There are 2 protein chains.
Amino acid sequence: MIKVTSYKSGNEYTYGLGATIAMEYLLKKKEAVRAVILHPDFRSEETICKINSICGKDIPVSVEAKPFNILSKKENCFVICVIEKKPEPIRDGNHMVLVNPSNCGNLGTIVRSCLGFGVRNIAIVGPKAADPFDPKTIRASMGALASVNVEVFGQFEDYQKRFPSNNLYPFMLDGSTILQETKINKPFSLIMGNEATGLDPAFKNIGQPIRIEHSGDIDSLNITIAASIGLYEATKSC
Amino acid sequence: MIKVTSYKSGNEYTYGLGATIAMEYLLKKKEAVRAVILHPDFRSEETICKINSICGKDIPVSVEAKPFNILSKKENCFVICVIEKKPEPIRDGNHMVLVNPSNCGNLGTIVRSCLGFGVRNIAIVGPKAADPFDPKTIRASMGALASVNVEVFGQFEDYQKRFPSNNLYPFMLDGSTILQETKINKPFSLIMGNEATGLDPAFKNIGQPIRIEHSGDIDSLNITIAASIGLYEATKSC
């Protein structure tokens, strides 16, 4: 049986908290689910029935209170999904590339937008990047992480070498063209920087740097907003 | 002297937490600032000097530790700005209209996007809307709330009567036209629903309902993302 401990990035397992996220993993990435834990007070017979039916004999389902005390401070969490962390190499195609994102909530929100706009391969570039497997990231993605590939790269050059034919579009406050006037060619890589510091100025010399026009009344758009507007423009049908 | 208490929506005052937000209010909405409180451990001479210079004889600046224990659990908050809540009627022009937004963080993030895209008049429609004056809203807006007008309406009809010539664009999952194919005429009102439940189906018969196309892999885009993509399209220069 798997012992539930509070999450650390070195752990072999991570956790999906809540029935919605557990169902996403059971439906979309069942092969990574190692166990499902139900709270003794969980009363939704319909959900319990669905979970048991999907888990069958392959995935143990237990009823325990203790793991909820360890993992979840939210009183309305009644299901924990124990997920094995596996390498998920990203594939050829359109990519979102996040360089040193620092906040798990933002990372998860961007993953959800990526899935919404059909970009299923996401590169996270370190060395100081937020953990894409953190339960907070999974929660913010509302389970979208179960449907995408996320690969972590030590540095941008490692990513670039693996996908030499992708068209690179770094999003920068001083990008030389504005988003709506830039033709985004596929396969594309939309590259976003850190929440506080943006991308290193060296990205000015990489691909076609893009800026999203905004008024001088704010310093910058929120990173989740900038990434999603980029996704919207790059993938829209007309 | 103003007694600092933990924030409640009925309070006469609200609070901007942190030096960045305090500076936004002092620079953009000084007339609403009633006091500035500095933490005894605050050491940034440059910021203290700026604050004292702007406050002059009009706004009291004190040094106390207790209000920080009451208002801020964040250890890195060293400045509190006490802000008087005043009615701020919205004006003619382009509007963002948020119907029953439930989360202060989302509300603040949308306000920041509004300011970024030059939409400075925001209508909040109740009866169950998050409080635009909550310190959490102000924090999430990163101080952008100091630069916009926010007015709360009991119901949508009250808003509509005040601005009969605005073109109404409700954002709905089943909106009849997609965003990039919809001509958004000014003055516009972009109307967004609640995070969990969206807009009431009755909005289908109001103005021109718009949907943002996304894959069936997610139920909906995050409300802050949808609102910001709407703002981007409605205001972009070409």
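Shielding of peptide A:210-222 by partners, expressed as the average count of other chain Cβ atoms within 10 Å per residue Cβ, is 6. For helix B:45-55, report the angle its Cα long axis makes with the longest principal axis of the Cα atoms of chain B; keep it between 0 and 90° and round to the nearest 10°. It is inclined by approximately 80 degrees.
Counting only DSSP H runs of at least 4 residues, each contributing -39500 (n - 2.57), and dividing by the residue count of chain A, the helix-based mean residue ellipticity at 222 nm comes to -8000 deg cm²/dmol.
Ranking of B:TYR15, A:TYR13, B:TYR159 by neighbouring Cβ atoms within 10 Å, starting from the fewest: A:TYR13, B:TYR159, B:TYR15.
When a/c reaches 1.5 or more, the comparison of a/b and b/c decides; with that in mind, is the range A:154-238 rounded, prolate or oblate per its Cα gyration tensor? Write out the running numbers ahead of the final one.
Values: a/c = 1.79, a/b = 1.20, b/c = 1.49.
In terms of gyration-tensor shape, oblate.
Legend: mean number of C-beta atoms from other chains within 10 angstrom of residue C-beta atoms, peptide A:37-50, equals 0.
For the pair A:SER53 and A:MET1, a Förster radius of 25 Å applied to the C-beta separation gives a FRET efficiency near 0.70, rounded to the nearest 0.05.
Note on A:LYS204 and B:LYS161: their simple-model spin labels are 5.6 nm apart, each label 7 Å out from Cα toward Cβ.
Peptide A:107-113 has a mean of 3 when you count, residue by residue, the C-beta atoms of other protein chains within 10 Å of its C-beta. Axis of helix A:19-28 versus longest Cα principal axis of chain A: the two differ by about 70°, to the nearest ten degrees. Using a Gaussian network model of chain A in which every pair of alpha carbons under 10 angstrom is joined by a spring, one finds that among A:ILE122, A:ILE138, A:ILE218 the greatest mean-square fluctuation is at A:ILE218.
Relative to the longest principal axis of the Cα atoms of chain B, the long axis of helix B:223-235 lies at roughly 70 degrees.
Going from the fewest other Cβ atoms within 10 Å to the most, the residues B:LEU27, B:LEU199 appear in the order B:LEU27, B:LEU199. When each of the peptides A:100-109, A:127-136 is scored by the mean number of other C-beta atoms lying within 10 Å of its residues, the order from highest to lowest reads A:100-109, A:127-136.
In this structure, B:GLU45 and B:LYS86 have a Cβ-Cβ separation that, at R0 = 35 Å, corresponds to a calculated FRET efficiency of about 0.65.
Distance between the C-alpha centres of the range B:95-129 and the range B:162-238: 13 Å, rounded to the whole angstrom. Comparing mean-square fluctuations of B:HIS214, B:HIS39, B:HIS95 from a GNM of chain B with C-alpha springs under 10 Å, the top value falls on B:HIS214.
Read-outs throughout are calculated quantities, based only on the coordinates presented, and are distinct from any laboratory measurement. Keep in mind that what you see is a predicted model, and the values were worked out from it rather than measured. Note that each Cβ is placed from the backbone with ideal geometry, even for glycine, and that neighbours are counted across all protein chains shown.
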